[in-house]
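The values are calculated or read from the model by the stated rules, or taken from the named source; none is laboratory data. Just so we're clear, the structure is a prediction, and the values are computed from it rather than from any experiment. Every residue, glycine as well, gets a Cβ built from its backbone with ideal geometry; the counts of neighbours run over all protein chains shown.
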Amino acid sequence: MSRFLVKKVAVLGAGVMGAQIAAHLVNCKIPVVLFDLAANEGSKNSIVTRAVEGLKQLKPAPLGVADDASLIQQANYEEHMDVLKECDLIIEAIAERMDWKTDLYHKIAPYIAEGAIVASNTSGLSITKLSEALPESIKPRFCGIHFFNPPRYMTLVELINTPTTGADVLDNLEAFVTSGLGKNVIRAHDTPNFIANRVGIAGMLAIMKQTEAFGLTYDVVDDLTGKKLGRASSGTFRTADVVGLDTMAHVIKTLQDNLGEGEGKTPDPFVGMYGTPPVLAKLLESKSLGQKTGAGFYKKVGRDILRLDPESMEYVAGGAKSNDVVGRMLKKPAEERLQLLRNAEGAEARFLWAILRDQFHYAAVHLEAIAETARDIDFAMRWGFGAKQGPFELWQQAGWLQVANWIKEDIDAGKAISSAPLPDWVFKGPVAESNGGKGGVHTPQGSWSASAKKFIPKRKLPVYARQHFPENVLGAAAPSFTTAGTTLHEDDAIRIWTLGTSNDYQEAP
């Protein structure tokens, strides 16, 4: 693999996402120039200037040192296009409009340096369709790069190629993003919303539907779907408020525009769940977009956090917690936990089984189309949505075939969110026979690829050669630092060890 050196990065678009990507590059001591439109009045860089100054006020702070905002070079498309020629990587991060993005590509194409990589930071638009606006000479160096918000703190970056992306481009970009920016990379197929948002937003939509079906309040659901379930502490509805209900609506619209019935759409057996929830539509109509506007599913009044009542659309006292009995269920081992939830009579427990079943079901049906392996879906949910385990990890830990049969029973009984059957590979063949007959998609030999119909080992680039203990999925039987190497000394308090041999260790004179 040729060494790809990044001496300067251009970020196109000084909106919230573009400015924060620029900030993270500065945090990593990488020279960056931030572009936006030339202002009609005053300094032509005033749009970028406001964005850079705004970085100092954002919470959580996108800059490690606020004064480092001055290190971001400011530019506009009218005066500074020649600066693009100095950049080895160009990240386009303007608004999620296909026409705006392609218009910009036409404008910048003559100024892109030979060998520079061009990447679009989009949350779900077709990378292949975007590439059609570029000259043939640039298409092999174009791909998608999806940072999760906020870029400084969220570890996941999705990379997406097109049929014309050069074989080494994603390798070079992955090496830079991991070693240079400290991120974890997943390579996603060019499907609507890629991997993390595809599975994560579908899961949030399912939770919204099941919340209504089981008659639960938003604060109780957030208590159930937060740390108690091994997910982000903000739960579901609070997460939606933080992300922004308009942002969530955009991701939902991408699903609606590209999946289901109709010309140019990909058939999806879960299309019925992609409708905008009525309560979300009402909040969008009233411009209640979550944290950014001060009201969404929740509203802060003084020191009190009120929750929305979806019937009256008024805010009422919040802070309700889930049942202690359900909390005790969630502390049980995975197999016992899921069985208790499924067989319980209470609404909260049955709600939890329903949303877990829906996510298992969705991930299995879509694995072949959206990801190379099951490992990628699990990592996407861990790194992008703050889950301690991905859906396949939990399913496998709870007993692969037992859980699969529970899901099948619910599908056959019309209880599942879609009538689509689980794929055949779930019940027979290598997956069912793996792990000594216990079944599962993760093995020491690799993770299951539904498209390749085999277990595929984790991809290893040269940049990972010195990474002795990479993060792994449950079931991979990866080495642990607790037992690795040669023990030099061990007692009740400490173990001193080396990856070499005891002969490599010499005591100080």
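Considering (1) out of contact with any strand residue (DSSP E or B) (no Cβ under 9 Å at 6 or more places or on another chain); (2) at pLDDT 95 or above; (3) surrounded by fewer than 15 Cβ atoms within 10 Å (Cβ to Cβ), say which one Q210 fails and leave the rest.
Among (1) out of contact with any strand residue (DSSP E or B) (no Cβ under 9 Å at 6 or more places or on another chain); (2) at pLDDT 95 or above; (3) surrounded by fewer than 15 Cβ atoms within 10 Å (Cβ to Cβ), Q210 violates only (3).
Identify, from the list V242, V279, the residue that is over 17 Å from the mean Cα position of the chain (by Cα) and part of a helix (DSSP H, G or I).
Within the list V242, V279, the selection yields V279.
Given the residues V316, V326, which is the only one that is free of Cβ contacts under 8 Å to residues at least 12 places away in the same chain and hydrophobic (A, V, I, L, M, F, W, C)?
Answer to the selection: V316.
Only residues that are under 21 Å from K228 (Cβ atoms), out of contact with any Phe, Trp or Tyr (no Cβ under 7 Å at 6 or more places or on another chain) and not in a helix (DSSP H, G or I): list them for the range 371-390, please.
Across the range 371-390, the qualifying residues are G386, A387, K388, Q389.
Would you mind finding the one in E393, E368 that is at pLDDT 95 or above, touching an Asp or Glu at 6+ places or on another chain (Cβ under 8 Å), within 19 Å of I456 (Cα to Cα) and part of a helix (DSSP H, G or I)?
One residue alone meets the criteria, E393.
Can you confirm whether G475 is without any contact (Cβ under 8 Å) to a residue 60 or more places away in the chain, small (G, A, S), surrounded by 16 or more Cβ atoms within 10 Å (Cβ to Cβ) and within 30 Å of V177 (Cβ to Cβ)?
No.
In the range 289-309, what count of residues is obtained for those that are in contact (Cβ under 8 Å) with a residue 40 or more places away in the chain and buried (at least 19 other Cβ atoms within 10 Å of the Cβ)?
Within the range 289-309, residues that are in contact (Cβ under 8 Å) with a residue 40 or more places away in the chain and buried (at least 19 other Cβ atoms within 10 Å of the Cβ) number 7.
In the range 301-316, what residues are aliphatic (A, V, I, L, M) and under 22 Å from K228 (Cα atoms)?
I305, L306 - these are the residues of the range 301-316 that are aliphatic (A, V, I, L, M) and under 22 Å from K228 (Cα atoms).
Could you tell me whether the range 245-259 includes any residue that is in contact (Cβ under 8 Å) with a residue 40 or more places away in the chain and part of a loop (DSSP other than H, G, I, E, B)?
no
Looking at the range 69-99, which of the residues that are under 29 Å from the mean Cα position of the chain (by Cα) and surrounded by fewer than 17 Cβ atoms within 10 Å (Cβ to Cβ) is farthest from A249 (Cα to Cα)?
It comes out as D99.
Working only within the range 217-230, note down all residues that are touching a helix residue (DSSP H, G or I) at 6+ places or on another chain (Cβ under 7 Å) and among the charged types (D, E, K, R).
Answer for the range 217-230, where residues must be touching a helix residue (DSSP H, G or I) at 6+ places or on another chain (Cβ under 7 Å) and among the charged types (D, E, K, R): D222, K228.
Would you be able to say whether some residue in the range 414-425 is surrounded by 23 or more Cβ atoms within 10 Å (Cβ to Cβ), within 15 Å of G203 (Cβ to Cβ) and not small (G, A, S)?
Yes, the conditions are met somewhere in the range 414-425.
May I ask you to verify whether L205 is buried (at least 21 other Cβ atoms within 10 Å of the Cβ) and modelled with pLDDT of 95 or more?
Yes; evaluated as a whole, the condition is true for this residue.
Would you point out which residue out of G235, G200, G226, G215 is in the same structural domain as A371 (by TED's automatic domain parsing), touching an Asp or Glu at 6+ places or on another chain (Cβ under 8 Å) and within 24 Å of F360 (Cα to Cα)?
None of the others qualify; the one that does is G235.
Give the residue, chosen from K287, K321, that is assigned to a loop (DSSP other than H, G, I, E, B) and more than 21 Å from L224 (Cβ to Cβ).
When all the criteria are applied, what remains is K287.
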